[in-house]
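S.K.: Can you keep this structure in mind? I'll have questions shortly.
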Amino acid sequence: MTDKKFASASPLRPRKRAILLGASSGIGAALARRLAHEGYSLALVARREEMLENLCAAINAEAGEVHARAYRHDVREVESAAALFAQLTQDLGGLDVFIYNSGALLPVGLKEFDAEKDLEMTRVNYLGALAWLNPAAAYFQALKRGQIVGMGSVAGDRGRVGAPAYNASKAALHTYLEALRNRLTRYGVNVLTIKPGFVATDMIKNSPRTPMVISAEQAAEDIWQAMRARRQTAYIPAQWGLLMHIIRHIPSFIFRRMTF
Amino acid sequence: MTNSTLSLERLTTLENFGHSLQAQSHLYQPVNTEELAELFRQAKKSGQTVTLRGAGRSYNDAALNGGGIVVSLQAMNRILAWNPETGIVTAEPGVTLQQLWQHVLPDGWWPPVVSGTMFTTLGGCLGANIHGKNNFKKGTIGEHVLEFTARLPTGAEITCLPTKNGDLFYSMISGLGMLGVFTSITLQMKQMYSGLLNVHAFPVHNLQEQLAALMEGAPQHDYIVGWLDSTAGGKSLGRGQIHAADYLAAGDDPEAQKTLQVAYQTLPAKFFGLVPKNLLHYFMATFMINPGVWLVNTAKYVASLRRGEQRQAHAAFHFLLDYVPDWELSYGRGGLIQYQSFLPKETALAAWTEILTISQKRGLPSYLGVTKRHRPDKFLLSHAVDGFSLALDFKITRGNRAKLSAMLQDFDKIVLEAGGRFYFAKNSETSPETARRYLGAETVERFKALKHRTDPNHLLESDLYRRVFGE
């Protein structure tokens, strides 16, 4: 963990504070840079320590002060989530935004059934989220303010032949976030479900067909705009909203004959 | 153990007085010293820092502690002893100046030093070592403290007088609540023969006249304060109005019995007998843009050209800020900051001429300027000098933060060059380097050494402390 303390806030240098899980690469790293640019103090959490340290160093060098600190943590270690959450809020001096971006997509063949892979994705995409979203929700409920951002996926909108457990884990996260939203809106807390399409990151480099690919930086910009507008759900980029509307309405008798 | 062990029910968002900073903390409100000591034990056990908070009237982050514990002392607000013969009062730290003057005035006494608002607490007043419009004559509030007892974070109780534990007496007062908690404060009040003051008002036409009026007026009056129209430039730069006030001698007020009553001092509930004053800040907000402020300042200056002399109640003269409840809300969502610099009498004119000119040139005029006359004092983190102070209020908007920040850094340089000082109750942008320069490295080290003695586990920490004195 980096030892330096977060740069202090003042009326002319107000700093929002965010925890971002899954920050070491891809959308998470790009979003971290985007938020640092907005003056956020960031507790960046990920499993891959070296990448995370490098990211923090780059962000802090550009800002000329400590905007980001790295915390190594594996979201599969659900027992340590609550204590780490408490430590991060203490280090940050409070919390304004909580972002769960950790995710795993393991390629599964069309005829393959592998429980180990499915459980792994469920642990990272959903169980880890539960372990972290509970303390975050309790914190914001008590404060009567705050924002929770969950990284869902267009993949969570339908169960497809290609990625059953990935689809299911993201669908579970969507539903859980919807329930949190229904609980927390009355306390002034915004719960935002992000549903990215294809973003040029490590996650999709093995995927066969990837239409409408955007860069991680573009995704981070769109997510930031959705956060600023305190939206409920945001497809990234927005065209996916229309596309998924159509896909959601493909009748099952057709959908189950498709290989997509 | 971490703050997961602290109840979420205590979690809350606290702000500074200018509504320009927010911090989330666990807020506790002890009612006695035992509960206070228990909080320190809890903090130590859970690895938390503690910040003391009075009325929350500081313009900066002195009473904020993001991610830690904030201990509000507002429930420790009893007046423990009052002797109307000697004018000596002993009170708990949460007692406000309002409580204090209302308690002592009917017996013919008044606090010798008060801030521009009566909602501040004694603990906060001592922590910042506040001054009033009579700083040149009466010094800071610390100079009227006969003794105090304090609870140190170690659990020890200590009594300090100028002659006993003097090093702690002169450092805990002005020490920003970082050395210990005042639990009982004994103060000498000033005898009054009337609830009224003789107030003279006269205009000054530029900064030189303004400072000369303070300089020459101070020895002749009990109080003196200047209002500065910070929108006027050129030959009129620094123009404004001086208010000087004098106590009435015994027998001067035929109705002293009546004017010394609290009811007589109470601020009016309506402005111009018409507008309910708790709505006034909405009305004021419409003027809080550059042209609006120019208009208001100019109108005020024109009105001030008529010299005046009148008798005014103490509360009305001192607590101008309290006339408009929540006046700070009129500055809008971004809030406001105050920049107050203290300059030696020799360098003040040139330095403030430069500062006011820069502020106008960059299109960032101050919305309110106030000048005072000061004298140095012996307290460790002292802000006063043999000279003057100028307090400038600035409105914060979404777009002006970076420009304002850069400008204040330029101001800091000018003030430091001119041998000036700053005031932690007001300035929120003072950098560690600036603080070290005006206080002197030796003073900062001494402060830290004393802190290490009274608070070896570093339990007492505020956002201000971390920002300015943090490693």
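S.K.: Give the residues of the range B:193-216 that are among the hydrophobic types (A, V, I, L, M, F, W, C) and more than 19 Å from B:Thr140 (Cα to Cα), sorted by residue number.
M.R.: Within the range B:193-216, B:Leu196, B:Leu197, B:Val199, B:Ala201, B:Phe202, B:Val204, B:Leu207, B:Leu211, B:Ala212, B:Ala213 meet the criteria.
S.K.: Residues of the range B:352-366 being among the basic types (Lys, Arg) and touching a residue at least 24 places away in the same chain (Cβ under 8 Å), which ones?
M.R.: If the condition is that a residue be among the basic types (Lys, Arg) and touching a residue at least 24 places away in the same chain (Cβ under 8 Å), then B:Arg362 is the only one that fits.
S.K.: Check every one of the helices (runs of 4 or more DSSP H) wholly within the range A:32-129 and list those with 1 or more residues that are modelled with pLDDT of 95 or more, more than 13 Å from chain B (Cβ to nearest Cβ) and crowded, with 20+ Cβ neighbours inside 10 Å.
M.R.: A:49-63, A:115-122
S.K.: Quick check: anything in the range B:98-106 among the aliphatic types (A, V, I, L, M), part of a loop (DSSP other than H, G, I, E, B) and farther than 13 Å from B:Leu187 by Cβ?
M.R.: no
Condition check ((1) surrounded by fewer than 14 Cβ atoms within 10 Å (Cβ to Cβ); (2) within 29 Å of B:Ile355 (Cα to Cα); (3) not assigned by TED's automatic domain parsing to the domain that holds B:Gln338) across all residues:
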{"position": "B:Leu207", "(1), (2), (3)": "no, yes, no"}
{"position": "B:Tyr223", "(1), (2), (3)": "no, yes, no"}
{"position": "B:Gly226", "(1), (2), (3)": "no, yes, no"}
{"position": "B:Ser230", "(1), (2), (3)": "no, yes, no"}
{"position": "B:Leu248", "(1), (2), (3)": "no, no, no"}
{"position": "B:Thr266", "(1), (2), (3)": "yes, no, no"}
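S.K.: Taking the range B:437-471, which residues are charged (D, E, K, R), out of contact with any Pro (no Cβ under 6 Å at 6 or more places or on another chain) and away from chain A (no Cβ under 14 Å)?
M.R.: The answer is B:Arg437, B:Glu442, B:Glu445, B:Arg446, B:Lys448, B:Lys451, B:Arg453.
S.K.: Are any of the residues in the range A:173-191 closer than 30 Å to A:Val108 by Cα, touching a residue at least 40 places away in the same chain (Cβ under 8 Å) and basic (Lys, Arg)?
M.R.: No: zero hits.
S.K.: Restricting attention to the range B:6-34, report how many residues are outside any strand (DSSP E or B) and either within 7 Å of another protein chain (Cβ to nearest Cβ) or crowded, with 21+ Cβ neighbours inside 10 Å (or both).
M.R.: 8
S.K.: Checking B:Ala402 against (1) touching a Gly at 6+ places or on another chain (Cβ under 9 Å); (2) surrounded by fewer than 21 Cβ atoms within 10 Å (Cβ to Cβ); (3) among the aliphatic types (A, V, I, L, M), only one condition comes out false. Which one?
M.R.: Here B:Ala402 meets the rest and fails (1).
S.K.: Of everything in the range A:130-173, what is within 14 Å of chain B (Cβ to nearest Cβ) and polar (S, T, N, Q)? Give them in sequence order.
M.R.: A:Asn134, A:Gln141, A:Gln147
S.K.: Scan the range B:410-420 for residues that are within 14 Å of chain A (Cβ to nearest Cβ) and more than 13 Å from B:Gln340 (Cα to Cα) and report the count.
M.R.: Here is the first cut: in the range B:410-420, the ones within 14 Å of chain A (Cβ to nearest Cβ) are B:410-412.
Still in the list and also more than 13 Å from B:Gln340 (Cα to Cα): B:410.
Total satisfying the criteria: 1.
S.K.: Now for a different question. When the range A:1-53 is examined, which residues are found to be in contact with a Gly (Cβ under 8 Å, 6 or more places away or on another chain) and aromatic (Phe, Trp, Tyr)?
M.R.: A:Phe6
S.K.: I've got another one for you. Determine the pairs where a residue that is without any contact (Cβ under 8 Å) to a residue 60 or more places away in the chain, located within the range B:415-433, has a partner that is in a strand (DSSP E or B) with Cβ atoms under 7 Å apart, the partner being 6 or more residues away or on another chain.
M.R.: Correct list of pairs: B:Thr430/B:Phe422.
S.K.: Can you spot a residue in the range B:76-89 that is buried (at least 24 other Cβ atoms within 10 Å of the Cβ), at pLDDT 95 or above and not in a strand (DSSP E or B)?
M.R.: Within the range B:76-89 (the criterion being buried (at least 24 other Cβ atoms within 10 Å of the Cβ), at pLDDT 95 or above and not in a strand (DSSP E or B)), the answer is yes, since at least one residue qualifies.
S.K.: Looking only at residues in the range B:422-436 that are assigned to a helix (DSSP H, G or I) and within 13 Å of chain A (Cβ to nearest Cβ), which one is surrounded by the most Cβ atoms within 10 Å (Cβ to Cβ)?
M.R.: Looking at the filtered set, the residue picked out is B:Ala435.
S.K.: What number of residues within the range B:337-353 satisfy the criterion of being surrounded by fewer than 24 Cβ atoms within 10 Å (Cβ to Cβ) and over 16 Å from B:Leu211 (Cβ atoms)?
M.R.: Qualifying residue count, the range B:337-353: 1.
S.K.: Collect the residues in the range A:11-31 that are touching a residue at least 24 places away in the same chain (Cβ under 8 Å) and either within 14 Å of chain B (Cβ to nearest Cβ) or β-branched (Val, Ile, Thr) (or both), keeping them in residue-number order.
M.R.: Those that are touching a residue at least 24 places away in the same chain (Cβ under 8 Å) and either within 14 Å of chain B (Cβ to nearest Cβ) or β-branched (Val, Ile, Thr) (or both): A:Arg13, A:Pro14, A:Arg15, A:Lys16, A:Arg17, A:Ala18, A:Ile19, A:Ile27.
S.K.: For A:Ser8, indicate whether it is within 14 Å of chain B (Cβ to nearest Cβ), of a type outside the set (A, V, I, L, M, F, W, C) and part of a helix (DSSP H, G or I).
M.R.: So A:Ser8 does not fit the description; no.
S.K.: Let me ask something else. Yes or no: the range A:204-211 includes at least one residue that is surrounded by 13 or more Cβ atoms within 10 Å (Cβ to Cβ), out of contact with any Lys or Arg (no Cβ under 9 Å at 6 or more places or on another chain) and assigned to a helix (DSSP H, G or I).
M.R.: Yes; the residues of the range A:204-211 include at least one that is surrounded by 13 or more Cβ atoms within 10 Å (Cβ to Cβ), out of contact with any Lys or Arg (no Cβ under 9 Å at 6 or more places or on another chain) and assigned to a helix (DSSP H, G or I).
The values are calculated or read from the model by the stated rules, or taken from the named source; none is laboratory data. Source: prediction; values computed, not measured. All Cβ positions, glycine included, derive from the backbone under ideal geometry; neighbour counts span all protein chains shown.
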